[in-house]
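Peer 1: Quick one: the structure is below, and I'll ask about it shortly.
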Amino acid sequence: MEPKVGISIFVWNNRGKFVIGKRRGSIGADTWALPGGHLEFGKSLETGAAREVLEETGLVVQDLRFLAVVNTVMHMDGRHYVVIFFEGYISEKDGEAALQPQVLEPESK
C-alpha cells in the first residue's frame, strides 16, 4: 500500500487567530483539526491547500506558505500519510462577511 498525501492549513485572520473545526471523517473523527484533506492528482500543493480551505470553510485564503511535512504511519489500521502543512491568511477583499468561516464539510457516511 502506498502512502497518501494530505494537506493541512493554518488559516489566520487579522486578529492572530486561526480556524479549527471538529472532524467528521474517519481519520480523527470528533477531534479538533485544521482545514485540510487529500491532495488531488495533478494539482499543485498550493492549489490543493486553497481548495481544501474553500471547500471546508467557505474562506478564500491568500499568501500560502509552506510550514512543515509530517510522515505519519498508523500501524493499528495500516494507514500511512505524508501531511504537508501550510499557513495562509483570510482574504479581506470581500469585506467582513467573507472573514467568517462556515462548516461546509459534509456529514460522513
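The values are calculated or read from the model by the stated rules, or taken from the named source; none is laboratory data. Please read these numbers as outputs of a predicted model, since none were measured by experiment. For neighbour counting, all protein chains shown are included, and Cβ atoms are generated from backbone atoms with ideal geometry for every residue, glycine included. Surface accessibility is based on the protein's heavy atoms, side chains included, excluding ligands, DNA and RNA. Shrake-Rupley method; radii C 1.70, N 1.55, O 1.52, S 1.80 Å.
Peer 1: Return the distance in nm (one decimal) between the two label points of a simple spin-label model at GLN62 and LYS17, each offset 7 Å from Cα along Cα→Cβ.
Peer 2: 2.1
Peer 1: In debye, nearest 20: dipole of segment 6-91 around its Cα centre with unit charges on the Cβ of K, R (+) and D, E (-)? Kindly include the intermediate steps, with their values, before the conclusion.
Peer 2: Working: 9 positive and 9 negative charges, 38 e Å.
Its charge dipole is roughly 180 debye.
Peer 1: From a point 7 Å beyond the Cα of TYR81 in the direction of its Cβ, which residues of segment 1-31 have a backbone N at a distance under 18 Å?
Peer 2: Residues passing the 18 Å test: 1-11, 19-31.
Peer 1: Also, I was wondering about something else. Counting only other residues whose beta carbon sits under 11 Å from that of PHE66, what net charge do I get with K and R as +1, D and E as -1?
Peer 2: Values: positive: ARG65; negative: GLU46, GLU87.
That sum, taken over residues with Cβ under 11 Å, equals -1.
Peer 1: Compute the length gained on full extension between VAL73 and GLU2: take 0.36 nm times their separation in residues and subtract their Cα-Cα distance, giving the result in nm to one decimal.
Peer 2: Once the chain is fully extended between VAL73 and GLU2, it gains 24.4 nm.
Peer 1: Which percent of the accessible heavy-atom area of segment 4-91 goes to carbon and sulfur, probe 1.4 angstrom?
Peer 2: 59
Peer 1: Which Cα, out of VAL70, ILE20, LEU54, lies furthest along the positive dipole direction of segment 4-91 (beta carbon charges, K/R +1, D/E -1)?
Peer 2: About the Cα centre, the residue reaching furthest to the positive side is ILE20.
Peer 1: So, for segment 1-93, what is the accessible surface per residue at a probe of 1.4 Å, expressed in square angstrom? Working shown, then result.
Peer 2: Values: 5850 Å² over 93 residues.
About 63 Å² of surface per residue is accessible.
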